[in-house]
Amino acid sequence: MIKALKALKASKNLHGFDEISIKLLKVSASYVCSPLTHICNNSILSGIFPDCMKFSIVKPIYKKGNKMNQTNYRPISLLTSFLNVLEKALYNRITEHLNTHNLLVRNQFGFRKGTATEDAIFKLTNEILKALNNKTLAGSIFCDLEKAFDSVSRDILLSKLFCYGISGKAKSLLKSYLQNRYQRVLITHFLTQSFRMYQNKMWGAAGLNFRPFVIPVIH
């Protein structure tokens, strides 16, 4: 848990509805580490994610274009600091499981430690040059899916977890993590009432990085 706390980025004094910033949480790490470890272990053993950590504040950030057009705003989810810690701990365990058992395809370069988009470009360039040297045809298909992560069905995503060896309490925990989530929208200084999110979509659901699972689902 100390490792998860130290890994959090505290460059900005942002906070969720609990008004506790990550910066404050890192300063008090030695005091909150024990109770957070207890909560995390109980969640893993029971397969139930704490409901009090399923609330987020969404802040629309203007990108460009007509300010009256809502599609020109990018939603930023402000999560509670405690949620960030638990997510980091769970993400580390999931990543360790995926890497230990070599479950992700080696051509997946995005959202993986030690790889980058440059690796994908290098592989593509290398394949094209190899084809040219062998005087054979080289072809490629580029597919750009708009809001791909947000359009993935939670039900399909959860059903894929079994293929990665995630079942039992672990799968129940991730299912609980995605269910019954609530949001409030912050516009300037006005904060809306909480509303329940649409259950079957991933859009802004949470901060935990599900992208390693999402890419095979899209395929």
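The values are calculated or read from the model by the stated rules, or taken from the named source; none is laboratory data. No experiment lies behind these values; they were computed from the predicted model shown. All Cβ positions, glycine included, derive from the backbone under ideal geometry; neighbour counts span all protein chains shown. SASA here: full protein model, heavy atoms, side chains in, ligands and nucleic acids out. Shrake-Rupley method; radii C 1.70, N 1.55, O 1.52, S 1.80 Å.
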Legend entry - Selected residue [under 20 Å from the mean Cα position of the chain (by Cα) and closer than 25 Å to residue 162 by Cβ] from 104, 5, 45: 104
Legend entry - Filter result for residue 3 (surrounded by fewer than 17 Cβ atoms within 10 Å (Cβ to Cβ) and closer than 21 Å to residue 173 by Cβ): yes
Legend entry - Filtered residues of the range 134-155 (kept if at pLDDT below 80 and in a helix (DSSP H, G or I)): 148, 149, 150, 151, 154
Inset, instruction - With the condition kept exactly as written, say whether any residue in the range 45-57 is more than 25 Å from residue 21 (Cα to Cα), among the acidic types (Asp, Glu) and either at pLDDT 85 or above or surrounded by 12 or more Cβ atoms within 10 Å (Cβ to Cβ) (or both). - result: no
Legend entry - Residue list for the range 69-92, restricted to those being out of contact with any Leu (no Cβ under 8 Å at 6 or more places or on another chain) and either surrounded by 13 or more Cβ atoms within 10 Å (Cβ to Cβ) or touching a residue at least 60 places away in the same chain (Cβ under 8 Å) (or both): 72, 73, 75, 76, 77, 79, 80, 83, 89, 92
Inset, instruction - Out of the residues in the range 58-99 that are of a type in the set (Val, Ile, Thr), modelled with pLDDT under 85 and in contact with a Lys or Arg (Cβ under 8 Å, 6 or more places away or on another chain), state the one that is nearest to residue 170 (Cα to Cα). - result: 95
Inset, instruction - Within the range 42-80, track down each residue that is more than 21 Å from residue 189 (Cβ to Cβ) and either among the aromatic types (Phe, Trp, Tyr) or in a strand (DSSP E or B) (or both). - result: 49
Inset, instruction - Working only within the range 96-112, note down all residues that are of a type in the set (Val, Ile, Thr) and either open to solvent by less than 90 Å² (accessible area, probe 1.4 Å) or not in a helix (DSSP H, G or I) (or both). - result: 105
